[in-house]
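Q: Can you keep this structure in mind? I'll have questions shortly.
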Amino acid sequence: MIITHTDYEGLAAIVMEDECLRAVVIPGWGGKIASLYDLRHDREWLHRNPHLPYRLPAYGDNYVRDFDAGGFDECFPNISAGDYPVTPWQDTPLPDHGEVWSLPWQVSEDDEELHLAVSGVRLPYWLEKTLTLDDGCLRCDYRLANPTSFPMAFVWSSHPTFAVQPGLRLHLPATSVQVEGALGPFPARAGETVAWPVVGGVDRSILPPRDAGTATKLFAMKLDGGRVALEELESGASIAFHFDPELIPNVGLWMNFGGWAGIPDVPNYYNLAIEPCIGAADSVTDAMRNG
């Protein structure tokens, strides 16, 4: 593996590369992984929103309207905007998609790894992320510290949006999912639990046509294993998450197949976010209620 520094769409970035994979990280933009390029199949796996320029955010900026540009972000200590529910920080407002995506992360490196770290703004935490690359596998190790004597409830979600096309297969180790929200002709409503992968007589593990007109947020609450994958059947290209389901017990799915766009007057997006997460809800309050 080699580590180099570069300019990526006008922003300072760090490149990690081996013979199989090239990863581009932007420490100043929440430690965003902007690119995961499969060198074996000549394929970019991460979605790039063509309607949003790359620029550094400020704390509290509007994620959906101005910074949903694609790539792999981190959502912590919440996802949906709202007031924190637990004392002594009760009623503290937290921004959409959390705090850390919009913050510059401290960065250090050596020949073997890239180390990123950030501290909270409105809650007192310290979050670290260490990246290593070996034989096409990008390993992400996390460490979270609470320096206070008070328990701190949180939601954490990885938030990579993938560049996908109809016909890809999603491998999810679950037989049911809970609906967080749905737009378009999806046969279940928020709060319902439905069987997976066949929902409403349709195999949802096969990505639909671009004009499907659906946008659905789902959570896999009970996992049968710790591997989630996307497979391109024709080329054999695939990308997968491997994790310990005892530590990361849930997977969120944002399945947007022409059903939604966060910017007015642009075509609806076609992308997929696969989100190993802790807390099967977008708000801390709902995650606590769900256990």
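The values are calculated or read from the model by the stated rules, or taken from the named source; none is laboratory data. Everything numeric here is computed off the predicted structure, so don't read it as measured data. No Cβ is skipped: glycine too gets one built from the backbone with ideal geometry, and neighbour counts run over all protein chains shown.
Q: With 224, 286, 203 as the choices, which residue is more than 23 Å from residue 36 (Cα to Cα), without any contact (Cβ under 8 Å) to a residue 24 or more places away in the chain, in contact with a Pro (Cβ under 7 Å, 6 or more places away or on another chain) and outside the structural domain of residue 67 (by TED's automatic domain parsing)?
A: 203
Q: Give just the number: which of (1) exposed (fewer than 15 other Cβ atoms within 10 Å of the Cβ); (2) assigned to a strand (DSSP E or B) does residue 150 not satisfy?
A: (2)
Q: I'm checking my understanding of the structure. Among residues of the range 118-136 that are in a strand (DSSP E or B) and over 17 Å from the mean Cα position of the chain (by Cα), which one is farthest from residue 61 (Cα to Cα)?
A: My answer is 134.
Q: Which of (1) in contact with a Lys or Arg (Cβ under 7 Å, 6 or more places away or on another chain); (2) surrounded by 21 or more Cβ atoms within 10 Å (Cβ to Cβ); (3) within 19 Å of residue 129 (Cα to Cα) does residue 15 not meet, given it meets every other one?
A: For residue 15, the exception is condition (2).
Q: Does the range 74-107 hold any residues that are touching a Pro at 6+ places or on another chain (Cβ under 6 Å), surrounded by fewer than 19 Cβ atoms within 10 Å (Cβ to Cβ) and assigned to a loop (DSSP other than H, G, I, E, B), and which are they?
A: 81
Q: So, one more: I need the full set of residues from the range 137-147 which are assigned to a strand (DSSP E or B) and over 17 Å from residue 279 (Cα atoms), in order please.
A: Matches in the range 137-147: 137, 138, 139, 140, 141, 145.
Q: Okay, moving on. Name the residues in the range 231-255 that are hydroxyl-bearing (Ser, Thr, Tyr), touching a residue at least 24 places away in the same chain (Cβ under 8 Å) and not in a loop (DSSP other than H, G, I, E, B), would you?
A: Residues satisfying the conditions do not exist here.
Q: What single numbered condition from (1) among the hydrophobic types (A, V, I, L, M, F, W, C); (2) farther than 19 Å from residue 250 by Cα; (3) not in a loop (DSSP other than H, G, I, E, B) fails to hold for residue 194?
A: With (1) among the hydrophobic types (A, V, I, L, M, F, W, C); (2) farther than 19 Å from residue 250 by Cα; (3) not in a loop (DSSP other than H, G, I, E, B) applied to residue 194, the lone miss is (2).
Q: Being under 22 Å from residue 104 (Cα atoms) and not aromatic (Phe, Trp, Tyr) is the filter here, so list the residues in the range 134-153 that pass it.
A: The answer is 138, 139, 140, 141, 143, 144, 145, 146, 147.
Q: Filter the range 258-283 down to residues that are without any contact (Cβ under 8 Å) to a residue 60 or more places away in the chain and crowded, with 22+ Cβ neighbours inside 10 Å, then give me how many there are.
A: 0
Q: Identify the residue in the range 158-186 that is more than 13 Å from residue 218 (Cβ to Cβ) and part of a strand (DSSP E or B) and, among all such residues, is nearest to the chain's Cα centre (by Cα).
A: Among residues in the range 158-186 that are more than 13 Å from residue 218 (Cβ to Cβ) and part of a strand (DSSP E or B), the one nearest to the chain's Cα centre (by Cα) is 159.
Q: Another one. Kindly evaluate residue 233 against the criterion of being closer than 27 Å to residue 40 by Cα, crowded, with 19+ Cβ neighbours inside 10 Å and outside the structural domain of residue 69 (by TED's automatic domain parsing).
A: Taking the combined requirement at face value, the residue does not satisfy it.
Q: Could you pull out the residue among 151, 197, 185 that is out of contact with any Pro (no Cβ under 9 Å at 6 or more places or on another chain), over 24 Å from residue 73 (Cα atoms), not polar (S, T, N, Q) and not assigned by TED's automatic domain parsing to the domain that holds residue 243?
A: None of the others qualify; the one that does is 151.
Q: State all residues of the range 158-193 that are among the β-branched types (Val, Ile, Thr), in contact with a Ser or Thr (Cβ under 9 Å, 6 or more places away or on another chain) and buried (at least 18 other Cβ atoms within 10 Å of the Cβ); if no residue qualifies, say none.
A: Across the range 158-193, the qualifying residues are 177, 179.
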